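Here's a structure for you.
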Amino acid sequence: MKFPRVTLPPELCDETIDYLWDDIESLRACSLTCKAWLPSSRYHLFRNVRLRHADDVVRFRMLLASAPSIALCVRKLSLSADYDGATPEGAAQEDDAWVNGTAELLPLLSHITTLGLARVRWHALSEQTRAAFAGVFKSVRQLFLFEVSFDASRDVIAFLSGFPALQELYFQAVSWKDDSPSPFEDPNALQEFSEAGSMHLSYLFLDPKSSPTLVTEWLLKHPEEQRLRTIQLCWRELENTQAVGDLLQASGSSLESLQVEFPAGVSEDAVLQNQLSLAHNTGLRALHFGGLDVRASHAFLSHRLFPWVTAMLSQVRSRHLQEVSFSLDIASVSDLVALDWARIDRDLSRAEFHGLMVMFYVSCERDGLEKEIREEISSRLGGFQQRGTLCISCI
């Protein structure tokens, strides 16, 4: 007796395989099951490609030669070099010469939307390689830069301006040899960078190992294009916190999530001049204050620590705020007394913040103090607890 042949709808097969997007072994098995399952399986298998050395480049080149359609599956490309020895000056030496071998591959990867570069010297790449990258830049929406180095600060601006569709920027430990004259003071250069495209950046991550001022100035030259919804920054340039305030103001009501950390603190003038105001961010939903190290901080203006925190809290005008969090490092429970709890409680207890979630992440040098820490913070925020929810986590 013959049973009728049943053919599953292609969209049902595709949806089933989609659930296996991160299960490499299962995807490999699916790709060998039948021809109908090959396209969806191949798409997930080669959606994310990471090249780490010359051998990876050779193998990937051979793969594309045998199956050219794989190039159309690649959405995220990561080039991650390693260090190999040290320079005569004692600095770590990048082993990134192999990146030039990708020049002939890059034009084939026309569907890349995410690009990651790690430990690559941009200025040391050949002109052919940089030109090949420029073709990929046009479609990139998410850019990760980690320990990428440039010859001069002007080259960083030229590089970033080559991403007209950029939406998310992760700028970590990026460096350059020389501080060249600011391109923003040259009308011709500014026009050149402006013509690169009209990106609408929605996510910005700046770490303390890079100079965030350069990126901030670049963004502020295109205020009409700012759609920043999330900002995560760790700012060490004590003398230039005004740039942070300008960025917050330019982001306006689009900003929904803000995470700030000032390891070197904030100057007295910056607080007195209200340089970090959140008054313009009327769409803010989440606010996180990180790196509040009570052990290393020194108070000014009063005997209370972190006046910039309370100043920013008092300036919040968003009626959409849902959560506020604080990351504290303390040596003992007594360190908590130094915070201006009365003002914090007053600001968090405002009527428009009814239902707010407030979280404290506390790291203490001494063990076994979790109960005392929770009791101390809870006792200081009695007014807020009548209106919102308080969560305290001891790390």
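The values are calculated or read from the model by the stated rules, or taken from the named source; none is laboratory data. Not measured: the values here are computed from a predicted model. Neighbour counts are summed over all protein chains in view; Cβ atoms, including those assigned to glycine, are modelled from backbone coordinates with ideal geometry. Ligands, DNA and RNA are excluded from the accessible area calculation, which covers all protein heavy atoms including side chains. Shrake-Rupley method; radii C 1.70, N 1.55, O 1.52, S 1.80 Å.
Would you work out which of PRO164, GLN128, PHE150 lies farthest towards the positive end of the dipole of the stretch 123-175? Charges go on Cβ: Lys and Arg +1, Asp and Glu -1.
Most positive-ward Cα: PRO164.
Tell me the carbon and sulfur percent of the accessible area for the chain, rounded to whole percent, probe radius 1.4 Å.
So the carbon and sulfur contribution to the accessible surface is 50 percent.
Let me ask something additional. Quick check: residue separation of ASP23 and ARG59 times 0.36 nm, minus the Cα distance between them. What number comes out in nm?
My answer for the length gained is 10.8 nm.
Below 8 Å between Cα atoms, with a sequence gap of 6+, how large is the relative contact order for the chain in percent?
7 percent
Taking θ = phi - 60°, what integer Hz values does the Karplus form 6.51 cos²θ - 1.76 cosθ + 1.60 yield along the stretch 276-281, in sequence order, with x for Gly and Pro?
10, 5, 10, 4, 7, 8
Another one. Calculate the dipole size of the chain relative to its Cα centre from +1 charges on Lys and Arg beta carbons and -1 charges on Asp and Glu beta carbons; express the result in debye to the nearest 20.
That gives the chain a dipole magnitude of about 1580 debye.
Which whole-angstrom value gives the distance between the alpha carbon centres of the stretch 57-94 and the stretch 229-279?
Comparing the Cα centres of the stretch 57-94 and the stretch 229-279, I get a distance of 37 Å.
Along the Cα-to-Cβ line of ARG130, 7 Å from the Cα, sits a label point; which residues in the stretch 98-120 have backbone N less than 19 Å from it?
98-107, 116-120
Report Rg (one decimal) and Dmax (nearest whole number) for the chain, counting Cα atoms only, units Å.
When restricted to the Cα atoms of the chain, Rg and Dmax are 25.4, 91 Å.
Let me ask something else about it. Taking θ = phi - 60°, what integer Hz values does the Karplus form 6.51 cos²θ - 1.76 cosθ + 1.60 yield along the stretch 106-119, in sequence order, with x for Gly and Pro?
4, x, 7, 8, 8, 10, 5, 10, 10, 10, x, 10, 9, 6
Which whole-number value in Å² is the accessible area per residue of the chain, probe 1.4 Å?
Averaged over the residues of the chain, the accessible area is 50 Å².
If you don't mind, there's one more thing I want to ask. Not counting ligands, DNA or RNA, and with a 1.4 Å probe, what is ARG295's accessible surface area in Å² rounded to the nearest 10?
110 Å²
Also, I was wondering about something else. Over the stretch 25-132, what relative contact order in percent results from Cα pairs under 8 Å that are six or more residues apart?
After rounding, I find 25 percent.
Can you classify the stretch 254-362 as rounded, prolate or oblate using the Cα gyration tensor, where a ≥ b ≥ c are the square roots of its eigenvalues, rounded means a/c under 1.5, and otherwise it's prolate if a/b beats b/c and oblate if not?
Here the stretch 254-362 falls in the prolate category.
Which peptide among 228-237, 123-132 comes first, and what is the full order, when sorted by highest mean count of other Cβ atoms within 10 Å?
The peptides rank, most packed first, as 228-237, 123-132.
Here's something else I'd like to know. Give me the lysines in straight-line cross-link reach of LYS177: C-alpha distance below 25 Å, same-chain residues under 8 apart excluded.
List returned: LYS209, LYS221.
Taking R0 as 51 Å, what FRET efficiency do you get between LEU238 and ALA67 from their Cβ-Cβ distance, rounded to the nearest 0.05?
Efficiency at R0 = 51 Å is approximately 0.40.
Can you tell which of VAL316, GLY383, GLY368 lies farthest toward the positive end of the dipole of the stretch 311-385, using +1 and -1 charges on the Cβ of basic and acidic side chains (Lys, Arg; Asp, Glu)?
Projecting each Cα onto the dipole axis, the largest value belongs to VAL316.
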